[in-house]
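Taking it in order: structure first as structure tokens, then the write-up.
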Amino acid sequence: EKNTSWDYPIGILDLGLSDNQVTWLSSRGVEIVAPEWDYVFPGRSDEKRWFMAMTARPNLKKYFLDYDYYFWIDADAWVQDGAYFDLILEVAKKYKMAIVPEIDRSYQAFYNGGHTRNWMGNLYLSGWGEKLAYHLVEYPILNSGVWCISNDHPVWGKWRNELGRALQKTDNFAIEQTALNVAVYTNSEIEPHFLPSLANWNCGHAPPMFDPDRNCFVEPLMPHAKIGIVHLCGIHPKGQVFNVTCTDGTMRQMKYLFEAPEETVFE
């Protein structure tokens, strides 16, 4: 929804874009960068290229130079309400780091008998050991799929170091996010400003409902507020058609994806 005052440069990490995609993006002024391996770690030669998106994330300032703020959004997330983009940037300008904890009354992670907590605890354990895992397992998960951080924030160096340390022990796909959590929760000088779940809605925790009257995805519990950024983490495959519950009591078969104009769809 184009209700944001958009006038910002866009950068994309190229981890397998087609020639058509590169041409289309470049013609619209998008800066495209192919990252490299930022760390030496066991098994790196066998890693898939997409894992560079994880290792590059704490090193964005290396790939996109001289920006005051870095606003990251995962490839499987999309902005449904531009006001939330403006909100995240506004918060980052005021507090230097804006991020969304995986906390919401709808999220099944709080009602699944500790499954999600145990998953996070095992990540802490695999990369940092029992003592830190025991200490941090009760903390809310900070989702690294949508955030904005100022260029001069101390979290960058801490995040890079924690990820490099953990990669010597594990290459779990979520270790980059876990390293960010460790960096934040173990350093008192890192004080992020936490935003509500609507700013980064985790579909894996709670599939959205659809409001036919407003033609948008909404939170599944009343008052069915409009979701700002829809994040398909936990949804596999991403383009699957689901039976989506609507606010009027009906069901629709639809995807949770943004419906792009035809000229932006590639073979």
- [ ] Identify all residues within segment 7-43 that are without any contact (Cβ under 8 Å) to a residue 24 or more places away in the chain, under 14 Å from Leu60 (Cα atoms) and acidic (Asp, Glu); write none if there are none.
- [x] Asp14, Glu36
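Suppose the filter is among the polar types (S, T, N, Q), under 20 Å from the mean Cα position of the chain (by Cα), on the phi < 0 side of the Ramachandran plot and surrounded by 14 or more Cβ atoms within 10 Å (Cβ to Cβ); does Ser126 pass it? First the steps, then the outcome.
On the way: among the polar types (S, T, N, Q): yes; under 20 Å from the mean Cα position of the chain (by Cα): no; on the phi < 0 side of the Ramachandran plot: yes; surrounded by 14 or more Cβ atoms within 10 Å (Cβ to Cβ): yes.
When the stated conditions are applied, Ser126 does not pass them.
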Task: Scope segment 25-62; condition of a type in the set (Phe, Trp, Tyr), open to solvent by 50 Å² or more (accessible area, probe 1.4 Å) and touching a helix residue (DSSP H, G or I) at 6+ places or on another chain (Cβ under 7 Å); matching residues - done: Trp37
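Can you tell me which residue among Val91, Val40, Val100 is among the aliphatic types (A, V, I, L, M), farther than 21 Å from Asn151 by Cα and modelled with pLDDT of 95 or more? Explain how you work it out, then say what you get.
Details: Val91 fails: farther than 21 Å from Asn151 by Cα; Val100 fails: farther than 21 Å from Asn151 by Cα.
Among Val91, Val40, Val100, only Val40 is among the aliphatic types (A, V, I, L, M), farther than 21 Å from Asn151 by Cα and modelled with pLDDT of 95 or more.
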Task: Single residue of segment 206-249 satisfying the filter (closer than 22 Å to Asn143 by Cβ, touching a His at 6+ places or on another chain (Cβ under 9 Å) and outside any strand (DSSP E or B)) that is modelled with the highest pLDDT - done: Cys233
TODO: Scan segment 161-199 for residues that are of a type in the set (A, V, I, L, M), open to solvent by less than 20 Å² (accessible area, probe 1.4 Å) and not in a loop (DSSP other than H, G, I, E, B) and report the count.
DONE: 9
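Residues of segment 103-123 being in a helix (DSSP H, G or I) and surrounded by fewer than 20 Cβ atoms within 10 Å (Cβ to Cβ), which ones?
Quick first cut of segment 103-123, residues in a helix (DSSP H, G or I) only: 108-110, 115-123.
Gln108, Phe110, His115, Thr116, Arg117, Asn118, Trp119, Gly121, Asn122, listed by residue number.
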- [ ] Report yes if some residue within segment 244-266 is β-branched (Val, Ile, Thr), over 24 Å from Gly82 (Cβ atoms) and over 17 Å from the mean Cα position of the chain (by Cα); otherwise report no.
- [x] yes
Task: Contacts under 6 angstrom Cβ, first residue in segment 237-253 being aliphatic (A, V, I, L, M), partner in a loop (DSSP other than H, G, I, E, B) and open to solvent by 90 Å² or more (accessible area, probe 1.4 Å), 6 or more apart - done: Val241/Lys255
Open item on the list: Pairs please, first residue from segment 190-209 and farther than 26 Å from Val244 by Cα and touching a residue at least 40 places away in the same chain (Cβ under 8 Å), second anywhere and basic (Lys, Arg) and open to solvent by 10 Å² or more (accessible area, probe 1.4 Å), Cβ atoms under 7 Å, 6+ apart in sequence or on different chains.
Closed with: Ile190/Lys158
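Only one residue in Lys96, Lys61 is within 18 Å of the chain's Cα centre (by Cα) and on the phi > 0 side of the Ramachandran plot. Which one? Break it down stepwise before answering.
On the way: Lys61 fails: on the phi > 0 side of the Ramachandran plot.
The match here is Lys96.
The values are calculated or read from the model by the stated rules, or taken from the named source; none is laboratory data. None of these values were measured; they are calculated from a predicted model. Cβ atoms come from the backbone with ideal geometry, glycine included; neighbour counts cover every protein chain shown. We work out accessible area using only protein heavy atoms, side chains counted, and drop any ligands, DNA or RNA first. Shrake-Rupley method; radii C 1.70, N 1.55, O 1.52, S 1.80 Å.
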